[in-house]
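Input: a single structure, listed below in structure tokens.
The values are calculated or read from the model by the stated rules, or taken from the named source; none is laboratory data. No experiment lies behind these values; they were computed from the predicted model shown. Counting neighbours? That spans all protein chains shown, and the Cβs are built from the backbone with ideal geometry, glycine included.
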């Protein structure tokens, strides 16, 4: 049995954060882009250590969807590379750049209660 490491990226009134095991990390200076990059990097490391590692994105409606899974998705995944390019832009250009949506897995969409209970 492997331990789970589910990184939940969500927006709060004071910025974008990553939640892991009841702890909150952030806010990230590059907003959603920075939080997603950091979450995928951390999940990749956790997966290498034998954890069931995945990144979930919480929508404004409170729905969570898996956007990256260790061992299933490539690292770095193509959409994370796009996020890196946006993060390197000057601040004014970065603010206007459209953030590419991560690939949601329609079968892995969870209600907030299921995600909190660790059922991913």
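Number of residues in region 22-44 that are touching a strand residue (DSSP E or B) at 6+ places or on another chain (Cβ under 8 Å) and farther than 24 Å from residue 91 by Cβ equals 4. In region 11-120, counting only helices (runs of 4 or more DSSP H) that sit wholly within it, the ones holding 1 or more residues that are over 11 Å from the mean Cα position of the chain (by Cα), at pLDDT below 80 and surrounded by 18 or more Cβ atoms within 10 Å (Cβ to Cβ) span 78-87, 112-116.
Scanning region 2-21 for residues that are without any contact (Cβ under 8 Å) to a residue 24 or more places away in the chain and touching a strand residue (DSSP E or B) at 6+ places or on another chain (Cβ under 9 Å) yields a count of 6.
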